[in-house]
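Visitor: The structure's right below; bear with me while I get my questions together.
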Amino acid sequence: MNDDNRSIRVLLAKVGLDGHDRGVKIVARALRDAGMDVIYSGLHRTPEEVATAAMQEDVDILGVSILSGAHMTVIPKIMARLREESADDIIVTAGGVIPDEDIDKLHELGVQKILLQDTPPDEIVSSFRALVEARGER
Amino acid sequence: MPKPTPSLELVPQARAGNRRAMARLISRAEAGDDECRPALAELYRHSGRAHVVGITGVPGSGKSTLVQKLAQDIRASGRTVGVIAIDPSSPYSGGSILGDRVRMSELAADAGAFIRSMATRGTLGGLARASLDAVDILDAGGYDVILIETVGVGQDEVDIVKAGHTTVVVSAPGLGDDIQAIKAGVLEIADIHVVSKADRPDANRTVTELKGMLSMDLQPGADIWRCPVIATSVEPKSGIDDLLGAIDRHREHLASTGEIEQRRRQIAGNRIIKIAEEIVREDFERRRHGQFDDLLERVTGRRTDPYAAAVALLSALRENISHEQA
Ligand SMILES: Nc1nc2c(ncn2[C@@H]2O[C@H](COP(=O)(O)OP(=O)(O)OP(=O)(O)O)[C@@H](O)[C@H]2O)c(=O)[nH]1
Ligand SMILES: [Mg+2]
């Protein structure tokens, strides 16, 4: 029994009103094809639901996709709930449409990586691997 | 980088109902970490209180949708509920998209419900071990009812639903004319049959066929559990209360007839044997190197035969083991 059984677990989450999940589904397939276990939240989840699901599923990475521009209200709520659930060791990434001026603010909130809408799936795979490696054992 | 919390330190937290501690322990159990074995052993000693319900049925039969509604009814009856949803992994990459949770989103914000998705990857037999470890963890963590959803194909998955106290088999109308439970070889293991999607016009036929099937082996006797066939639909919601009623009646039946003791023995026995087989298999994988390549050469060159080679391999392994133990 060894580490071979361990694969990276990811929760891909759609928060709020926007109803597009084509992009997320493409990313989900790319991650699966790279050997990861991907859980998809479904559309229209609340920040609290997403953080609780990430805690229960004990994912390595919570990838939040936001196209609606609501990231500055959504992300702080997610981070707060993760802290409440003592699950702030979970890596949070944000993807979708995010204006330049918010990128630093999101990093300050604890978002470890921002993957804008046109990031190729391969690059998402490799940055997820790098993030988990950098975190180390937990 | 903070050091990982030792699993044994998570045990008291898990037993006090801390969901984060349970979630971490499930991951370690899934990874097969030796480090967490003593913690799981401790939790096992404190489990055995929950009612465990296995739910199986062919892909797309409506299991996840049903689990969500059932779980909500369990919550409404004042009980807490844990859900373990098992989804197949891709045979190509080993990765998976675990989609069951999408259908359970109405439970997401409920502190009395815990949902965990699991992939089928891993060594043969490993899935059953890991998912039953997860059941123990949720059980010791105080969840009253634990639902395990799994697609009813493959021995491993059948072993998992059989590890429930109550087994529910879901068939849907219109998924082919055969009774799906027979096709999947799970007719006999059902304590309760569900025909899902009862809002569809062809559901009645499936109900009638199943009932006909079951009436063939009806034995008389007051103590005999008669497997009910329950039609359920989600929209409009119907039959879910009957299903929960049947699950509760089955639990009472097991208790009042003393059958529960038999089931517990059977479940424990299966688990011991499965784990022993897994250990032997892993041991074999680890040790066979060395002799194996040489034997392979000889079998390929037809200087010996596969049976003789297997016997030779095993006796070499046994010798190795007894040297190690000496
Ligand atoms: N008409 C009708 N459709 C339903 C009902 N329950 C589920 N479905 C539909 O059946 C499909 C499969 O439902 P799921 O709950 O995902 O089925 P499942 O058995 O969990 O599927 P897998 O996990 O993929 O094996 C979905 O499109 C559901 O919307 C129902 O009561 N009536
Ligand atoms: Mg399902």
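Visitor: Apply the Karplus parameterisation 6.51 cos²θ - 1.76 cosθ + 1.60, with θ equal to phi minus 60°, to every residue of region B:263-278 and state each ³J(HN,Hα) to the nearest whole Hz, in sequence, with x for glycine and proline.
Guide: Each residue's phi maps through the Karplus curve to give 4, 4, 4, 4, 5, 4, x, 4, 5, 4, 5, 4, 5, 4, 4, 5 Hz.
Visitor: Using 7 Å Cα-to-Cβ label points, what is the residue B:106/residue B:182 separation (nm, one decimal)?
Guide: The modelled label-to-label distance comes out at 3.4 nm.
Visitor: Taking 8 Å as the Cα distance limit and 6 or more residues as the minimum spacing, I'd like the relative contact order of chain B as a percentage.
Guide: It comes to 18 percent, rounded to a whole number.
Visitor: Let me ask you something else. Restricting the calculation to Cα positions, tell me the Rg (one decimal) and the Dmax (whole number) of the protein assembly as shown in Å.
Guide: Over the protein assembly as shown's Cα set, Rg and Dmax evaluate to 24.0, 76 Å.
Visitor: Further, regarding this structure: Which of the chymotrypsin sites (Phe, Trp or Tyr not before Pro) across region B:68-162 are loop residues per DSSP, with 10 or fewer other Cβ within 10 Å?
Guide: Loop-located and lightly packed - B:92.
Visitor: Tell me, what HN-Hα J-couplings in whole Hz come from the Karplus equation 6.51 cos²θ - 1.76 cosθ + 1.60 at θ = phi - 60° for each residue of region B:57-65, using x for Gly and Pro?
Guide: Running phi through 6.51 cos²θ - 1.76 cosθ + 1.60 with θ = phi - 60° gives x, 5, x, x, 6, x, 5, 5, 4 Hz.
Visitor: What is the spin-label model distance, in nm, from residue A:137 to residue A:73 if the labels are put 7 Å beyond Cα along the C-beta direction?
Guide: 4.4
Visitor: Between region B:1-43 and region B:101-145, what is the C-alpha centre distance in whole Å?
Guide: After rounding, the separation between the Cα centres reads 14 Å.
Visitor: Still on this structure: Report the local net charge at residue A:116: Lys and Arg +1, Asp and Glu -1, summed over other residues whose C-beta lies under 13 Å from its C-beta.
Guide: Working: positive: A:113; negative: A:100, A:102, A:118, A:123.
In short, -3.
Visitor: Continuing with the same structure: Determine the shielding of peptide A:85-92 by partner chains: average, over its residues, the number of Cβ atoms on other chains within 10 angstrom of each Cβ. Intermediate values should be presented prior to the final figure.
Guide: Values: counts 4, 6, 4, 0, 4, 0, 0, 0.
Whole-number average of other-chain Cβ neighbours for A:85-92 is 2.
Visitor: What ranking do B:63, A:113, B:211 get, fewest neighbouring Cβ atoms within 10 angstrom at the top? Intermediate values should be presented prior to the final figure.
Guide: Details: B:63 27, A:113 19, B:211 14.
With the sparsest Cβ surroundings first, the list reads B:211, A:113, B:63.
Visitor: Work out how much length residue B:268 to residue B:155 would gain on full extension: take 0.36 nm times their residue separation and subtract the Cα-Cα distance, in nm to one decimal. Before the final figure, lay out the partial values.
Guide: Values: separation 113, 0.36 × 113 = 40.68 nm, distance 1.71 nm.
Gain in length upon complete extension: 39.0 nm.
Visitor: How would A:26, B:115 line up from fewest to most surrounding beta-carbon atoms within 10 angstrom?
Guide: Details: A:26 12, B:115 26.
Lowest count first: A:26, B:115.
Visitor: Within chain B, what percent of beta bridges assigned by DSSP are antiparallel, to the nearest 5? Can you show the working numbers first?
Guide: Working: 2 of 34 bridges.
The antiparallel fraction comes to roughly 5 percent.
Visitor: Roughly how crowded by other chains is peptide A:39-45, in terms of the mean Cβ count from those chains within 10 Å of each of its Cβ atoms? Don't skip to the end; give the middle numbers.
Guide: On the way: counts 13, 5, 4, 7, 2, 1, 4.
Average neighbour count from other chains, rounded to a whole number: 5.
Visitor: Just to verify a number: FRET efficiency for residue B:311 and residue B:211, C-beta to C-beta distance, R0 = 41 Å, to 0.05? Display every interim value, and only then the final one.
Guide: Details: r = 51 Å, r/R0 = 1.25.
That gives a FRET efficiency of 0.20.
Visitor: Using modelled amide H (1.01 Å from N, peptide plane; none on Pro or chain starts), what sits under 5 Å from the amide H of residue B:186, excluding residues fewer than 5 places away?
Guide: Amide H to amide H, under 5 Å and 5 or more residues apart or across chains, residue B:186 pairs with nothing.
Visitor: Separate question: Within region A:31-59, which residues have the backbone N less than 20 Å from the label spot 7 Å out from residue B:35 along Cα→beta-carbon, could you tell me?
Guide: A:55-59
Visitor: Just to confirm my numbers, what's the Cα centroid distance between region B:49-64 and region B:298-326 in Å?
Guide: Using only Cα atoms to place each centre, the spacing works out to 43 Å.
Visitor: Sequence gap at least 6, Cα distance under 8 Å: using those rules, report the relative contact order of region A:9-135 to the nearest whole percent. Intermediate values should be presented prior to the final figure.
Guide: Numbers: 196 pairs, mean separation 34.1, N = 127.
Value for region A:9-135: 27 percent.
Visitor: Here is a further query. Calculate, in nm to one decimal, what residue B:322 and residue B:286 gain on full extension: separation in residues at 0.36 nm each, minus their alpha carbon distance.
Guide: On the way: separation 36, 0.36 × 36 = 12.96 nm, distance 1.58 nm.
Gain on extension, residue B:322 to residue B:286, equals 11.4 nm.
Visitor: Next question. Of all DSSP beta bridges in the protein assembly as shown, what percent run antiparallel (nearest 5)? Before the final figure, lay out the partial values.
Guide: Details: 2 of 57 bridges.
Once the DSSP bridges in the protein assembly as shown are tallied, antiparallel ones form about 5 percent.
Visitor: Right, something else. For region A:75-138 and region B:200-269, compute the distance between their C-alpha centroids and round to whole Å.
Guide: 47
Visitor: For the protein assembly as shown, what is the mean residue ellipticity at 222 nm derived from helices alone (per DSSP H run of n ≥ 4: -39500 (n - 2.57); sum divided by total residues; nearest 500 deg cm²/dmol)?
Guide: Working: 17 runs with 224 residues, N = 464.
For the protein assembly as shown, the value works out to -15500 deg cm²/dmol.
Visitor: Using R₀ = 25 Å, calculate the FRET efficiency as 1/(1 + (r/R₀)^6) where r is the Cβ-Cβ separation of residue B:49 and residue A:89; round to 0.05. Don't skip to the answer; put the middle values down first.
Guide: On the way: r = 30 Å, r/R0 = 1.20.
Rounded to the nearest 0.05, the efficiency is 0.25.
No value in this document is a laboratory result; all are computed from the given coordinates. Keep in mind the model is a prediction, meaning the values are calculated, not measured. Note that we place each Cβ from the backbone using ideal geometry, even for glycine, and neighbour counts take in every protein chain shown.
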